[in-house]
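The structure's right below; bear with me while I get my questions together.
Where a number appears in this text, it was derived from the coordinates with a stated rule and is not lab data. Being a predicted model, the structure only gives us computed values, none of them experimental. For neighbour counting, all protein chains shown are included, and Cβ atoms are generated from backbone atoms with ideal geometry for every residue, glycine included.
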Amino acid sequence: MTVVSTKEFSTNQKKYFDMAINEQVFVQRGDYMFIVSRVSEPNRKHKKPDEKLRNAITMDEVKDKLYSHIHKLFANESISNN
């Protein structure tokens, strides 16, 4: 982990971007700190979405199914308690 000022970072950007490949670099500006970090690897091919992802459901669909299931559970419980 390396902490540098904004002026030092501006002056030596290449140095700190190269460092960020292997470690986190923090740039301090007053009370704030910013992280310079590697996000991806060069020449890495991103995978295409697979069949499971294409068949995924939205959060609204999950919510609707959950509410439906919960209502059925409570309906069954009230019948068995009588």
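What number comes out for the charge environment of Val27, summing +1 per Lys or Arg and -1 per Asp or Glu over other residues with Cβ under 12 Å away?
+1
Continuing with this model, one more query. I need the phi-derived Karplus couplings for the stretch 3-15: 6.51 cos²θ - 1.76 cosθ + 1.60, θ = phi - 60°, integer Hz, Gly and Pro marked x.
Listing the rounded values in order: 10, 9, 7, 5, 5, 4, 5, 4, 5, 10, 4, 4, 4 Hz.
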